[in-house]
Amino acid sequence: MTDPDRSVGTLTRAVRHLGRLLCWSLGAGMATAAVDITVAPSAPWWHILWPLPWYATCASVLGWALLRAREKSLSGRDGDDDPGNYEDVYAEWDQAA
């Protein structure tokens, strides 16, 4: 997770938003599937509505994976992914343990 004091780029923000969309659409898909199984609504529009969150989940997984791969490839070039940069974090973990 990024440091809250550090400014983040638009790519990082897009990855976060797509990750949130992924989580919420997955939760909505599970909720609509549970309603479909337990309540079995007979409304004519229900058969169109309940798979929509699953479609959104599939689309957001693809988008999130592509953007995350792009983000990681760019951060590798900048040297941000160098394990030497995380020495302070590991020291804090050792100290807390």
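Below is a table of values for the structure above.
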{"read-out": "Peptides ranked, highest mean first, by Cβ atoms within 10 Å: ranges 37-43, 54-60", "value": "54-60, 37-43"}
{"read-out": "Pair Ala28, Arg68: separation of 7 Å Cα→Cβ label points (nm)", "value": "2.0 nm"}
{"read-out": "Proxy reagent accessibility, fewest Cβ within 10 Å first, across Thr32, Thr10", "value": "Thr10, Thr32"}
{"read-out": "Cβ-defined net charge surrounding Leu22, 14 Å radius [Lys, Arg +1; Asp, Glu -1]", "value": "+3"}
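A short reminder: the numbers here are calculations on the coordinates, not readings from a lab. Everything numeric in this text was worked out from a predicted model, so none of it was measured. Every residue, glycine among them, receives a Cβ derived from its backbone with ideal geometry; neighbour counts consider all protein chains shown.
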